[in-house]
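Read through the structure below, which is laid out as structure tokens, and then see the notes.
The values are calculated or read from the model by the stated rules, or taken from the named source; none is laboratory data. Computed from a prediction, not measured in an experiment: that's the story for all the values here. In this analysis, Cβ positions are derived from the backbone assuming ideal geometry, glycine residues included, and neighbour counts consider all displayed protein chains.
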Amino acid sequence: MKKRIFISVILLILLVGILTGGIFLLRKNSEKISKKEEMKKQAVEIEKEEKEKKKAEEGKISSQINIQFENMNVLDSYFSAEEIKGLEEQAESFLRQDETFDSVSKMICTDDAYETQNQIKFYFTLDDGTLLFTNYKKEEKKFLFWTQEKEYADTAIADWMQKKESETKAVDTSSWEEEQQLPKAWNENGQEDIPVALSGKENLQGKIPEESLNNLEKEMQKFLEGNNELRREISIPSDKIVQTDQEITFEADFTTERIDKKHLQVIYHIAAGTFGFSLQ
């Protein structure tokens, strides 16, 4: 009798163990199936989002209006018909990179185009009041574009006319073709060679080697000329100089503030002994 009871207990324990193991395996398999279904669901959702995004982008492109260019004959004396066509395509492509200009449908080339030895400069008015300024680099055969908001359009045009007067005054352009040289008072960008008047330079002494520091004004002038910036009176505040093991960063302020409030940001790379500039 005791033997039967013992055997029954053993069988009962085995049965409970088998049932427990079976339940555990079923639950584990169920979890695997749930994870697979969840991953599949996520993949479907991602694919759906990508399709919707692509559809939205395609809809945006199709909704954009082709820009109409007017008064382009102003540029006939500077460019061929093929070059003007390329200009229109590049200008439209430049604007379409910013959704702010999606609604622009008309661009009018103004009569204020002018030429220096290495550049041709002109600008457009957009139907939303924005200005699109354009520089054509002759050597690179490349158009450069930048915009100015309509709120500052009057001031920007006044600055443009001042530059035009400065860059085209009393210069004998016949020597450009004969000698391929600029008058001494002009630099290679067709601008007056105006040196930088830098104050606060003493704040950098002991931080930047004297040899590099002596070239700061020249390097700064090159950057300003390359960005069509005529301001030359600049100061370096002592409280805006930051030094690390690899570089020295400092801000240079224009005495006459820019419309967009940008300052000159300068980085001196210690190892290379070179300056880097940007407008921020």
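For the reader, a short list of remarks on this structure follows.
- Only listed residue being loosely packed, with under 14 Cβ neighbours inside 10 Å and out of contact with any His (no Cβ under 8 Å at 6 or more places or on another chain), chosen from Thr116, Thr134, Thr100: Thr100
- Test: residue in the stretch 147-156 that is under 25 Å from Arg231 (Cβ atoms), in a strand (DSSP E or B) and of a type outside the set (A, V, I, L, M, F, W, C): yes
- Residues located in the stretch 251-280, provided they are closer than 16 Å to Phe223 by Cβ and β-branched (Val, Ile, Thr): Val266, Ile267, Thr274
- Scanning the stretch 241-275 for residues that are over 24 Å from the mean Cα position of the chain (by Cα) and buried (at least 16 other Cβ atoms within 10 Å of the Cβ) returns Ile241, Ile270.
- Checked against (1) free of Cβ contacts under 8 Å to residues at least 60 places away in the same chain; (2) within 18 Å of Val74 (Cα to Cα); (3) surrounded by 13 or more Cβ atoms within 10 Å (Cβ to Cβ), Lys150 meets all criteria but (2).
- Residue within the stretch 196-205 that is under 26 Å from Lys121 (Cα atoms) and either among the polar types (S, T, N, Q) or modelled with pLDDT under 85 (or both) present: yes
- Test: residue in the stretch 165-183 that is at pLDDT below 85, part of a loop (DSSP other than H, G, I, E, B) and under 15 Å from Arg232 (Cβ atoms): no
- Ile84 closer than 18 Å to Lys137 by Cα, assigned by TED's automatic domain parsing to the domain that holds Ile157, β-branched (Val, Ile, Thr) and not in a loop (DSSP other than H, G, I, E, B): yes
- Subset of the stretch 90-131 [among the hydrophobic types (A, V, I, L, M, F, W, C), under 15 Å from Leu75 (Cα atoms), out of contact with any Cys (no Cβ under 6 Å at 6 or more places or on another chain) and outside any loop (DSSP other than H, G, I, E, B)]: Ala91, Met107, Ile108, Cys109, Ile120, Phe122
- Residue match in the stretch 224-236 (condition: in contact with a helix residue (DSSP H, G or I) (Cβ under 9 Å, 6 or more places away or on another chain), in a strand (DSSP E or B), under 27 Å from Phe145 (Cβ atoms) and at pLDDT 85 or above): yes
- Residue check, Ile84 under 28 Å from Ile157 (Cβ atoms), over 22 Å from the mean Cα position of the chain (by Cα) and modelled with pLDDT under 85: no
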